[in-house]
Structure formats: structure tokens, C-alpha cells
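The values are calculated or read from the model by the stated rules, or taken from the named source; none is laboratory data. Treat the numbers as computed from the prediction; the structure is a model and nothing was measured. Virtual Cβ from ideal backbone geometry, glycine too; neighbours counted across all protein chains shown. Side chains are part of the model used for accessible areas, which takes the heavy atoms of the whole protein and leaves out ligands, DNA and RNA. Shrake-Rupley method; radii C 1.70, N 1.55, O 1.52, S 1.80 Å.
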Amino acid sequence: MAEGRYVYCVAADSKAARLGNIGIEDNQVYAIPYQDITAVVHACAPTPYESQDKEVVDKWVVAHERVIETVQEELGAVLPLGFDTIIQGNDQGNVEQKVRDWLKEHYEKLKDTLDRVKGKREYVVQVSWDTKTIAKELIGSDQELKDLHQQIKAKSKGAAYMYRQTLEKLLGAKLEQEANRRFHDFYDKIGSCVDEMKVEKLKKEEQPRQMLMNLSCLGDPKEIHTLGGELERISNMTGFFVRFTGPWPPYSFV
Amino acid sequence: MEPVRDWKGRATLVDLLDRVFDKGVVIHLDLIISVAGIPLLGVNLRAALAGMETMLEYGMMQDMDMKTRMWEAEHRRKKEAPLLEGEEVILNTFGSYYYMKGIYNAWKSGRLYLTNLRLMLYQQDIAEIVFEAPLTNITGIAVRKESSFTGKDKDIVYLYLEGKKIARLNVLETEELRRNLERLVEEAGVTLDRALSAEGLDETTSSFLMEGEQVSCQGKMWYLMPKSGIMVETWRPGRLYLTNTRLCWWNDFDKRIVFQVPVDKISGSTVEIKNISPVLRGQEVLDLIYGCNGSKMIASFSGKSAEDWKKALNELVASQGQAPEDREKETCPQCGSRALAKELLQKGCAKCGWVSPRLQKRMAPVLKAR
Amino acid sequence: MPIDIHEDNLKHGLLGLVIALVEIIRDALKHQALRRMEGGSLTDEEVERLGSALEEIDIAIDHIKEEQGLSETVNSVRDGLDDIVDDVLDQMVNPERWAREMKEEENKNG
């Protein structure tokens, strides 16, 4: 008896549709509706999908995403759920009723959110810079740094080392200042091209690359070229690199 | 610039993984929860810093490798605070509780709930009640400003509880908490001691001071810990406290009181210059003479303020109407000759060689470890 | 990210950990030396000696890392330590920041 329901997403629809064997491990995916919203699920055992094998996990995650995108394609707006959200039935069993009750309880909120994300998609924007390139620029343009750099040339070996450390410290501070400045500048420019934005944690990159900003953006795919244009301008700046992926279902905005 | 999406490709899989774990709609229902795994691979400092119990909670002893870790990474579910039926929340704020257990001492943070039944600190991530006190157990509340390592001053709330415990808390809304707590506790019929001032309280004393006990002297002092098992007599660092009820010594390492004597059992004290180790020569040693189960004992402490302590202790003894016993003579139980009490206890009888059972123990060879 | 030390390269991992710690201590020394110099309490000769000594340490550490092929390991250990320290500092007594983060989370989860 399948006492669990793996929930992929919530969509705006009233039919108890059957979407075929497109789920994780080729499970049969179908919908449990409540009025005009519906939860897209597959029946499973009440245990989470876990594996030591990276390939297997990747396969599952891709299947999870595929279901969500299929529904999104058919029905327009979806509220995606995270991987491995499995609702279990209580002692009496009826897990389907539980799903319905949950949809009922949060009906207003779910509907509002579906409206909010309708027709929109999530995009990932990551801006990085080459610290070496930028550092060189700064040393060439900043007076304090220029002076210190000059002083070092005239020093003896040991003293030169010490002064180089001071230079590095100062450079570090200037880089941080510059990073802040750029962040705010890009944040404003990108913000004006999209509907909503979320700041995510920076990812560690290989030296001398350093990530400046990691954004999740919610925007209209038909208008996304404005964002594309802005990102193009940024990536054309010497020492700057942009990573732009999407469209994704709106995971970060639900 | 065009956004990139390659279905089969790895380039964007990492973005998908970022989204699919820890994002998306959250359901507060009976979910099947997978263990939030942070695998133990030889050295895991994070776990050591978080504390033993949390480690076990997270299934630390499982042997997982990086592949599993990648996707189990931050997949933790938040659980609602376990409120009882009819329990009403009066104040819901954030706070930390100073947790002390053995050598693990740390501030544990969480959501602080003041309800009509209790004060509770709850950590959602691991669904654990970090601290809980029924309102009827609260006998007093005092607030003290303390400076923290960050340089900022913060208000520490000292909560006096039934059973003579004191809890240290740091709360976001200190005054709100105090006001509401005082009101609620008194409504529950308990009289709060409003005269508490948290004087002399710190993270050490609050863990062992009894209700109504006040510290009059304190200082860093080494203590000669008696032989035990395979351990010889050793000098250990710690703090000596004289309160209105006892003299006690706090072991810095174990973080607890390992020696104490009620004030009325203190007979006197002397200070001598001794060599307490081949390296530490000419140190001031305070020998405390006290009574225990009818016989006299000596406890030794060492530190710069030994003379001050002797003065304070002798004053204490005098105020209790006794003469300090540094000069008092005792009779040797074996040969009957008279000698200074201290001499008899510490070195034995010069005449017949009698030694007290205690001294015998001290001089006996150390138990060999197996 | 926890520090990555596998059973099959334990010795290598251990050496990496040791070098990472040596580097951190060296960085602390550098920092102190710099402070003294900037504070003006060192003579020119002292600055010269200090600088030469520290430079030699740098070279020695780089040499060891190269010989043993440790650069990757050391970087990963240091990154791991950075993350852990960040985490611990974040979680320490700081209800205000915690409150802020919680608020953000709640708004997200709604």
C-alpha cells in the first residue's frame, strides 16, 4: 500500500489529470485537486529517496525538475517544491485527503502566489571578477596605491617584503570598497530589469576569480532580453564575468 | 546575452541542485524526514564546536561520503514549537541560553517563548527545547550588564530557579521579558524576590551558588588535589570562593566545585613558603585547617593572595567566636605527646612517628596503572 | 563545507592540515609584524630583518607544498576552516542578527 505521496508542485488547475510515467523512477504522476488548484504527486513508500551514488541522485533531481517543467508548460504557473517532499498518511491511511486538506487550508495563499508568478520564470545571475586584473587597474589608478608601489622599488629586500605586505593589505581594503560599489551599481541596474530579486550566498571560485554577487531573479521570459543586454554590458567590462542561467521554475520566489 | 540551460549538461545542473534543495514551497505536515547529514570524515571541527549532543542528533556517526553530503547538505526541516493545549504565547522573541555540561559550555540560540505556563527556548532546526522553566519554578530574575568579546555590552538575564539553579540568558527584548515574566509569575501565585541584584554573579558562580548565597572573597588559587586512583597529589588551577555559607574551590578544567567546607567548620589557616614543584619554588601556600567528620584536615591552596586569604579566614573564625588554630596544640593519639596541630596533621608525630590515616594515604605508593 | 580528509590519504590529509595551520600562524605573525612596523616601534634594521625572515618562511612553506603536492589540500582545508569560523560566529550570541535572518526565512516560507 503506497502510504506516501511525493509532491512535485502546486498548479492552477481543476482536473485530476494523469501525466504519465514521467516521475522519479518512472513513477506515475497525477494530480490531486482542490477547487481550482492542484498538487502534482506520485504515490510512493513513506521513505525519502536517498542514495550514495551521485549519478542516481542527479537522475532523480532531473526527473523532479522535468515533472515541474512539464506541468508549467501545460498549465502556465506552478509553485515548485523542494526535492524529497513526501507527505505520509496518518494511522487511518488517507494521505490523499491530507493533501486536499492542506490545499484547502492554504488555498488563499497558494492562489495569490500562483498569480504572482504566473508567466514568470527564475533566472540565475552571478557576477565575478578577476582580482588580479582589477588589482592591477586599482594600483594604476589609485594614488595611495601608486605611491606605495613606487616606495617599494627603493627599499632593501627585507623592508620591501614588509612594505609589500602593507600594500597588499591596502589593496585588499580598496578591492573590498570597489566590490561594494560594483555590487550596489549592478544590483540597481539588474533590479530595474526584473520583477523580483533575491540575494544568494556567494560561491567559492578558483583564484584569482572571485564572485561578487549571486542573484536569483524573477522575470518575464518575453522581457528578459533587457536583463540580457545589461548583463552583456557588464561582461564586456575588463575583468568582469557573468554567468546567466535559466529559465527555471520560480523555486526562490514561492 | 542569453540565459543558458542545457538539459543534460552539467553546467547548469549545479544551479538546479541549488534550487531543488532548501528552496520551494514548505509544507508543515507529517513529512518523511531524511537525516540531515553532515558526515564525519576524520576531522570535523564544526561538529566539535556545535557540541556532542547535536552531533548525535544529526547522525554524525554515519559513514557518508561527499556524494550523499552534496544533496543532503542543508535539507533540514523546521518544526513548530511544541505548545501544549490551552497554552498561550505571551512573548515570542529571540534569545540564547548559556549551556554548561562538563567541559562543553556554549551559548545555544533559539526562539524564546514566554507563555502562560512556562519560559521556553526552542531550536526549530533540530526541534529541540534548549531550555524550559515552568513559571512556578521561577523564584527571581535579575539583569546585569556584561561586556562580551565583541566589545559590545549586553544585558544578561539571571533567572533564579527552584532547586537553587541559576540560568543565564541573553534576550533580544530584555525589558519586555522581565516585565511580562514578573507579572506572570506573580499572577501564578509565586512571590518573586525583587531585591536580587545579580551582584557577584558571572558564568562561573551562577552555576554553583545556592539561593541566597553571596560571595565575599574570590581569587585565582591553585589547589592541591588529593590522591585518587592512579593520580598522585597534583596542583590544579582554579578559583577559590568564600561565601556566607562556605569556602569552595572551582576547578577550571572540570568547571565545577571539587572542594568545599562549611564556614563553621573552618578552624584556621597558615601561610608558608614552599616548593610546590621542582619548577615552582618559594611559593606562598595557604593551608586551611578544618573539621570534617570529627577529625581535623588540611587543604592546601597556592597563589599570590595567600596572605590576604589567611587574614580573611582568620577574621571569619574570630567572628565565629573561636581562636584561630594555627597555634593550637593537639595530642598525638599514639604516644600522647603534645605538638602543634598542624605539624601533627602534615608531618606526623616527631616523637613516635605516628601519621594520620589521611597522611598515610598521601604517602602511600601510587596505584600502578594496568 | 567540512574539512575533506579521506581514509586513503590520511597522511597526506594530515600533512595538509598541519601546513594549513602553519600558514595561519604565519599569517598571524605577519599581521603582528606589520602592526609593529606601522605603529613606528621598529627600527629600519629590525624591519629589514623581520621582512627577510618572513620571506624565508613563505618560501619554505611554498617549497614544502610543492614537493608534497599539497597546495590543493591546504586550500581546501583553509576554505573549510573559513566556513566553519563564519558559521560559528554567525550562530554565537547575536539575537539581533538571528532575528533578522529568521524574519527573512519566514518571509520566504510565508
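Placing B:113, A:187 in order of accessible area, with the largest value first and a 1.4 Å probe, yields A:187, B:113. In this structure chain A gives 48 Å² per residue of accessible area when probed at 1.4 Å with all protein chains present.
Checking every one of the trypsin sites (Lys or Arg not before Pro) in the stretch A:151-201 against DSSP loop status and a limit of 15 other Cβ atoms within 10 Å picks out A:201.
Would you please state the base-10 log of I(q)/I(0) at q = 0.17, 0.21 1/Å for the stretch B:89-187, with intensities from the Debye formula using one equal scatterer on every alpha carbon? The calculated log intensity ratios at q = 0.17, 0.21 Å⁻¹ are -0.74, -1.15. In the stretch A:121-253, carbon and sulfur make up what percent of the accessible area (probe 1.4 Å)? It is 50 percent, rounded to a whole number. If you model the stretch B:213-327 as an ellipsoid using its alpha carbon gyration tensor, with each semi-axis the square root of five times an eigenvalue, the axes come out at 22, 16, 14 Å, biggest first.
Computed with a 1.4 angstrom probe on protein heavy atoms, the A-C interface buries about 1400 square angstrom of accessible area in total. Counting only heavy atoms of the protein chains and using a 1.4 Å probe, residue C:59 has close to 110 Å² of accessible surface. Computed over every Cα-Cα pair of the stretch A:1-139 and binned at 10 Å starting from 0, the pair-distance distribution P(r) comes out as 11, 37, 28, 11, 7, 5, 1, 0 percent.
Put simply, chains A and B cover up around 4100 Å² of each other's accessible surface, both sides summed, when a 1.4 Å probe is used. Hull surface divided by four, with the convex hull built on the Cα atoms of the stretch A:8-62: how many nm²? One quarter of the hull surface, i.e. the mean projection, equals 4.1 nm². The trypsin sites (Lys or Arg not before Pro) found in the stretch B:267-307 that occupy coil by DSSP, while having at most 10 further C-beta atoms within 10 Å, are B:281. Burial here means at least 50 square angstrom less accessible surface with every protein chain in place than with the chain by itself, probed at 1.4 Å; in the stretch C:48-75 the buried residues are C:48, C:55. Heavy-atom accessible area with a 1.4 Å probe sorts A:130, C:44, A:185, largest first, into C:44, A:185, A:130.
When the other protein chains are added to the chain by itself, burial of at least 30 square angstrom of heavy-atom accessible area (probe 1.4 Å, ligands and nucleic acids ignored) affects these residues of the stretch A:150-179: A:157, A:158, A:161, A:162, A:165, A:166, A:169. The phi-based Karplus calculation (6.51 cos²θ - 1.76 cosθ + 1.60; θ = phi - 60°) puts the 3J(HN,Hα) values of the stretch B:171-184 at 10, 5, 10, 4, 5, 4, 4, 4, 4, 5, 5, 4, 4, 4 Hz, whole numbers, x for Gly and Pro. On a per residue basis, the stretch B:213-327 carries 51 Å² of accessible surface, using protein heavy atoms and a 1.4 Å probe.
Look at the stretch A:242-248: the mean tally of other chain Cβ atoms within 10 Å of its residues' Cβ atoms is 5.
Close amide H partners of residue A:204, meaning residues 5 or more places away or on another chain with modelled amide H under 5 Å apart, do not exist here. Where the alpha-carbon atoms of the stretch A:121-253 are placed on the principal axes, they occupy 61, 23, 18 Å, in descending order. Carbon and sulfur atoms: what percent of the 1.4 Å accessible area of the stretch B:213-327 do they account for? Result for the stretch B:213-327: 52 percent of the exposed heavy-atom area is carbon or sulfur.
Once the mean of 1/r is taken over each pair of separate Cα atoms and inverted, chain A shows a Kirkwood hydrodynamic radius of 21.7 Å. Shown for the stretch A:4-117: the carbon plus sulfur share of the solvent-accessible area, taken with all protein chains present and a 1.4 angstrom probe, equals 45%.
Each peptide in A:244-251, B:258-265 was scored by the mean count of other Cβ atoms within 10 Å over its residues; highest first, the order is A:244-251, B:258-265.
Taking both sides together, the accessible area buried where C meets B is about 2200 Å² for a 1.4 Å probe. Using a 10 angstrom cutoff on alpha carbons, build the Gaussian network for chain A and name the most mobile of A:61, A:127, A:242. Largest GNM mean-square fluctuation: A:61. Pairs from the table (A:174/B:154; A:189/C:103; A:136/A:204; A:146/A:169; A:174/A:201; A:120/A:189) lying more than 24 angstrom apart at Cα are A:174/B:154; A:189/C:103.
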